[in-house]
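**Student:** Let me give you the structure first, and then I'll get to my questions.
The values are calculated or read from the model by the stated rules, or taken from the named source; none is laboratory data. Fair warning: this is a prediction, and the values are worked out from it, not measured in the lab. Please note: Cβ atoms are built from the backbone with ideal geometry, for glycine as well, and neighbour counts cover all protein chains shown.
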Ligand SMILES: Nc1ncnc2c1ncn2[C@@H]1O[C@H](COP(=O)(O)OP(=O)(O)O)[C@@H](O)[C@H]1O
Ligand SMILES: [Mg+2]
């Protein structure tokens, strides 16, 4: 198996703080890998190392087969990055941003125009092409940012929290674009704080917590670790008193409630697992070990 991204034992410290702790991550060519983790987990630092902006302290990382330290220039030719701080110029229009970047990347004037038109159309920005970016919504800005990053037809695309702060519709549009990129053979590594995003997009997920990969697998594998749904039990005052894991079938919900001895279940609701639940499950795996599928969490008494 050849990997577009191949990370072994990667470690990065800032001062005494270990921000990336012996990470192993492999991403097959043409797949989408999500690095899922809360604020401060080390997601941006990881992207910065992979995109040659930050030097690791130990371990290795190869992107497109080239080492990010020894062959940084080669790596840069194959990748693009879009981050939380979009690299777009507010004063310019969408068209001007694209054309300027295309020219900077060495395209001729004619090539720049063709590529700009293609990308404006692809990202549904042709109507807004003549408007200044300062008038754009968050979703339009992210689309433009992604469009700019595709000018040079990268083989590997890094997206740092591409949908944070976006409304539902803009998120969906961006998800569609990410999926479309994969169908074109592009490898994508994205970071996110949202389980649903990782779930919708990723072939594989690495859960990052304080610099360590605490869980990895396909979305289905990760969710199986927490049980697919969670039964919430509230008392008559509406206070959450139990959270129980279930596979979501009515039979299982009944079994789970009776097995855990929840009497007089006040209000019972079922919800999908969240990132919190994945964390709860993976930290309980490494800490005090218990049966993940049947874990009961006492929330209040
Ligand atoms: N240049 C830096 N110097 C010192 N500490 C840093 C630097 N960049 C990030 N950190 C620290 O590393 C940790 C991980 O940060 P970051 O990679 O930005 O996480 P995330 O993107 O997951 O929110 C945080 O504790 C942050 O304060
Ligand atoms: Mg970040």
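**Student:** Mind counting the residues in the stretch 147-192 that are more than 16 Å from ligand 1 (Cβ to nearest atom) and out of contact with any strand residue (DSSP E or B) (no Cβ under 7 Å at 6 or more places or on another chain)?
**Tutor:** Of the residues in the stretch 147-192, 21 are more than 16 Å from ligand 1 (Cβ to nearest atom) and out of contact with any strand residue (DSSP E or B) (no Cβ under 7 Å at 6 or more places or on another chain).
**Student:** So is residue 109 more than 16 Å from residue 155 (Cβ to Cβ) and touching a helix residue (DSSP H, G or I) at 6+ places or on another chain (Cβ under 9 Å) or not?
**Tutor:** yes
**Student:** Going by the conditions given, is residue 40 on the phi > 0 side of the Ramachandran plot and surrounded by 15 or more Cβ atoms within 10 Å (Cβ to Cβ)?
**Tutor:** The answer is no for residue 40.
**Student:** To continue, here is another question. Report the residue count in the stretch 65-79 for those that are crowded, with 21+ Cβ neighbours inside 10 Å and either within 13 Å of ligand 1 (Cβ to nearest atom) or under 20 Å from residue 146 (Cα atoms) (or both).
**Tutor:** Going through the stretch 65-79 one residue at a time, the tally reaches 2.
**Student:** Got a sec? Which strands (runs of 3 or more DSSP E) wholly within the stretch 1-61 have at least 3 residues that are within 15 Å of the chain's Cα centre (by Cα) and within 16 Å of ligand 2 (Cβ to nearest atom)?
**Tutor:** Fully inside the stretch 1-61 and qualifying: 32-36.
**Student:** Which of the numbered conditions does residue 119 fail, given that it passes all the others? Conditions: (1) away from ligand 1 (no atom under 16 Å from the Cβ); (2) surrounded by 22 or more Cβ atoms within 10 Å (Cβ to Cβ); (3) under 30 Å from residue 61 (Cα atoms).
**Tutor:** Going through (1) away from ligand 1 (no atom under 16 Å from the Cβ); (2) surrounded by 22 or more Cβ atoms within 10 Å (Cβ to Cβ); (3) under 30 Å from residue 61 (Cα atoms) one by one, residue 119 breaks only (3).
**Student:** Let me ask something else about it. Do the conditions hold for residue 52, that is, is it away from ligand 1 (no atom under 13 Å from the Cβ), buried (at least 18 other Cβ atoms within 10 Å of the Cβ) and at pLDDT 95 or above?
**Tutor:** yes
**Student:** Let me ask another. Right, residue 99: surrounded by 19 or more Cβ atoms within 10 Å (Cβ to Cβ) and more than 16 Å from ligand 2 (Cβ to nearest atom) or not?
**Tutor:** Judged against the criteria, residue 99 is a match.
**Student:** How many of the residues in the stretch 180-211 are within 16 Å of ligand 2 (Cβ to nearest atom) and under 17 Å from residue 40 (Cα atoms)?
**Tutor:** 11
**Student:** If you don't mind, another one. Mind checking which pairs have a first residue in the stretch 153-179 that is under 20 Å from residue 76 (Cα atoms) and assigned by TED's automatic domain parsing to the domain that holds residue 68 and a second that is in a helix (DSSP H, G or I) and within 16 Å of ligand 1 (Cβ to nearest atom), Cβ under 7 Å, 6 or more apart or different chains?
**Tutor:** Going by the 7 Å Cβ cut-off, the qualifying pairs are 158/47; 158/50; 160/43; 160/44; 160/47.
**Student:** Please identify the pairs in which a residue from the stretch 35-49 that is in the same structural domain as residue 209 (by TED's automatic domain parsing) has its Cβ atom under 8 Å from the Cβ atom of a residue that is near ligand 1 (Cβ under 6 Å from one of its atoms) and assigned to a helix (DSSP H, G or I), counting only partners at least 6 apart or on another chain.
**Tutor:** From residues that are in the same structural domain as residue 209 (by TED's automatic domain parsing), the pairs are 35/43; 37/43.
**Student:** Return yes or no: is residue 147 under 30 Å from residue 195 (Cβ atoms), under 24 Å from the mean Cα position of the chain (by Cα) and modelled with pLDDT under 95?
**Tutor:** The answer is yes for residue 147.
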